[in-house]
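All remarks here apply to the structure that follows.
Throughout, read-outs are computed from the coordinates displayed, never taken from laboratory work. The structure presented is a predicted model; accordingly, all values stated were derived computationally and were not measured. Reconstructed Cβ throughout: ideal geometry from the backbone, glycine too, with neighbour counts over all protein chains shown.
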Amino acid sequence: MLAYALVLAFVASVVFTPFVKRLAYRIGAVDRPNYRKVHARIMPRLGGLAIYLSFILTYLVYRPDGEFDKALLIGATIIIITGMLDDMLEITAKAKILGQLSAAAVIVVFGDIQVEFINLPFGGTLEFGYFSIPLTILWIVAITNAVNLIDGLDGLAAGVSTIALITLSAMAIIIGNPFVASATAILAASTLGFLVFNFYPARIFMGDTGALFLGYMISVFALLGFKGVTMFALIIPIIMLGVPVSDTFFAIIRRLREKQPLSAADKSHLHHCLLNVGFTHRQTVLIIYSIAALFGVTALIFSQATIWGALLLVAVMLVIIELFVEIIGLAGKNYRPILNLLKFTK
């Protein structure tokens, strides 16, 4: 039955996307070139609406056995409306955050999805108490914006999100959570259908409609899959979302070092850095896909490792990430602490 649902989600997305493309032109939801953009012509955005419609259609037909249906669908609709308004009208950052907070509040309060505690690796429990609601909302908003930040090249956000969703689905199967396993697989199939039109050279962008929707859904499914578990299990979704999370983290570091506002836009994100190194548009996207897949495999290995094995894996992963960041200049051209240390020791 799930196999038929995945085919339906993929085909529905392929069918919906051309209609959404025409709608985007009609209502003025287009992306115009500027100094930060890599495309040179006006492009329709709003593509995330096709992903949303195909997911909702398949979800309602397949009806995965979940107790969070109403809250999940209402929250998803709020985030879609927020993204559509931004794609059409380019609303203010405050208005976008308000939409994200509203969608997060629906799933946290009405869906009663909260991280109330974590079991510490060496014994004991860390209770969040009154902070469980704001911390959960912060998680949702942070991941939502992290996915939005990597939406800078044709097919990039859609591909990375698909890899994260497939990893989430695999993890849910391992844990024994059929709802998350099936729902994430349906969303991955919907995104793949859109990717047919969005991979380089793209014929339509997902826009904030898609980036916010995918980020929101990934953050919620991660909570559903790892709610109330150990501290290390809470790290798993962070690892599988390593590309958007690390890109966001080093963007913050870069702006703090350069004394720029955290909301300031620049051309120093991961995809920009790889393009500056000399990789082509297609090569850059495929490299980031590979990195996302490695993060996904690492998350799966991490989930099956012992405590000490997990600690070692995280340590090695952090060193590799830091070296990669310094080599491509993700945190700034003069940020090279480990490379400078290695030169000094020679």
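Quick notes on this one:
- Charge tally in the Cβ shell below 14 Å around Phe199, where Lys, Arg are +1 and Asp, Glu are -1, Phe199 excluded: 0
- Here r is the Cβ-Cβ distance between Val314 and Leu135 and R0 is 30 Å; the resulting FRET efficiency, rounded to 0.05, is 0.90.
- Think of it as helices only: each DSSP H run of n ≥ 4 in the chain is worth -39500 (n - 2.57), and spread over all residues that comes to -23500 deg cm²/dmol at 222 nm.
- Each of Met171, Met206, Met317 has some number of other Cβ atoms within 10 Å of its Cβ, and from fewest to most they run Met317, Met171, Met206.
- Fewest-first ranking of His269, His281, using other Cβ atoms within 10 Å as the exposure measure: His281, His269
- Helix runs (DSSP H) in the chain reaching 27 Å along axis by Cα, Kyte-Doolittle at least -1.0: 2-27, 69-89, 156-175, 178-198, 207-226, 281-304, 307-328
- When the inverse distances between all different Cα atoms of the range 53-110 are averaged and flipped, the Kirkwood radius reads 12.3 angstrom.
- The Cα center of the range 190-208 and the Cα center of the range 127-162 differ in position by 20 Å.
- GNM flexibility winner over the chain from Ala95, Ala181, Ala251 (Cα, springs under 10 Å): Ala95
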